[in-house]
1. Could you grab me the full set of residues in region 74-118 that are among the hydroxyl-bearing types (Ser, Thr, Tyr) and assigned to a strand (DSSP E or B)?
2. Among the listed residues Gln198, Gln190, Gln163, which satisfies the condition of being closer than 17 Å to Met1 by Cα and modelled with pLDDT under 85?
3. Confirm whether Gly106 is exposed (fewer than 15 other Cβ atoms within 10 Å of the Cβ), at positive phi and at pLDDT below 95.
4. Among residues belonging to region 49-69 that are assigned to a helix (DSSP H, G or I) and among the hydrophobic types (A, V, I, L, M, F, W, C), point out the one that is surrounded by the fewest Cβ atoms within 10 Å (Cβ to Cβ).
5. So, in region 36-60, how many residues would count as being in contact with a Gly (Cβ under 6 Å, 6 or more places away or on another chain) and over 23 Å from Asp181 (Cβ atoms)?
6. Note down all Cβ pairs under 7 Å where the first residue falls in region 26-46 and is buried (at least 22 other Cβ atoms within 10 Å of the Cβ), the second is part of a loop (DSSP other than H, G, I, E, B) and of a type in the set (Val, Ile, Thr), and they're at least six residues apart or on different chains.
7. Select from region 154-174 the residues that are among the aliphatic types (A, V, I, L, M) and exposed (fewer than 15 other Cβ atoms within 10 Å of the Cβ) and list them in ascending order.
8. Are there any pairs, at least 6 apart or on different chains, whose C-beta atoms fall under 7 Å, with the first in region 163-175 and aliphatic (A, V, I, L, M) and the second at pLDDT below 90, and if so, which?
Amino acid sequence: MPGGEIWESGFWMNDTGVTNESTANAQAEIVGAELNASDSSGALRIWLANLTGTGVTFEYVKCYAYTGGSTAAFIGTYTLPTPREGGATGGRMPNQVAAVVSLRTGFSGRRNRGRMYLPLNEVALGADGNIDSGLVDTVLTAWATAFTDLNAGDAGKVVVVSQVGDSFKPVTSVVMDSRPDIIRKRANKQTIDHVGTQAVTP
């Protein structure tokens, strides 16, 4: 992100067949190719083109494979040959501004829902401070298509995991509203260009 800040987001998958570092790398590549696809399933490509501007890039995917416990047994990485950069125009916003894609399973309770916070640093908000409904529908459709495509392949199924309840449920829908959110930690690595100080006479 602008100023050197780094963003990340993620989701869980089950039945991936990942058993070692090599298959974890392969899984990361499958997911990366899907999210960067040139068709209507390229969810992150479409997100960046519509909701982020220059200086925001999608560069790599990491796959953390858990076989039990809280530590990943294997970690795979796929780096895009060319980073995908944001292309939206219309109003620069701080790095901390995000939009949320909620993952729903059809079951009630917080343990059965997931959330993905994604960058929202370049978009013209309406007079009411909301994202245009057409943009919301465009990017949300891309996420639904990407998850559907992943589920249809051999890479596993997109799920919501409850580490407290030690269970997982398949994602059956994605939800996004038009109100921007804030992630305060997205400012902790950003380079500060200027600090002003002025004396005050007691």
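The values are calculated or read from the model by the stated rules, or taken from the named source; none is laboratory data. Worth saying up front: this structure is predicted, and the values here are computed from it rather than measured. Heads up, the Cβs are rebuilt from the backbone with ideal geometry, glycines too, and the neighbour counts pull from every protein chain shown.
1. In the first step, residues of region 74-118 are kept if they are among the hydroxyl-bearing types (Ser, Thr, Tyr); the result is 77-79, 82, 89, 102, 105, 108, 117.
Once the filter is applied, which keeps residues that are among the hydroxyl-bearing types (Ser, Thr, Tyr) and assigned to a strand (DSSP E or B), region 74-118 yields Thr77, Tyr78, Thr79, Thr82, Ser102, Tyr117.
2. Values: Gln198 fails: closer than 17 Å to Met1 by Cα; Gln163 fails: closer than 17 Å to Met1 by Cα.
Within the list Gln198, Gln190, Gln163, the selection yields Gln190.
3. Details: exposed (fewer than 15 other Cβ atoms within 10 Å of the Cβ): yes; at positive phi: yes; at pLDDT below 95: yes.
It is true that Gly106 is exposed (fewer than 15 other Cβ atoms within 10 Å of the Cβ), at positive phi and at pLDDT below 95.
4. Looking only at region 49-69, we keep the residues that are assigned to a helix (DSSP H, G or I), and these are 49-51.
The next check asks that each one be among the hydrophobic types (A, V, I, L, M, F, W, C); those that pass are 49, 51.
Details: Ala49: 17, Leu51: 27.
Top of the filtered list is Ala49.
5. The number of residues fulfilling the criteria is 1.
6. Filtered contacts from region 26-46: Gln27/Thr16; Gln27/Val18.
7. Step one: filter region 154-174 for residues among the aliphatic types (A, V, I, L, M), giving 155, 158-161, 164, 171, 174.
Of everything in region 154-174, just one residue is among the aliphatic types (A, V, I, L, M) and exposed (fewer than 15 other Cβ atoms within 10 Å of the Cβ), namely Val164.
8. Val164/Arg111
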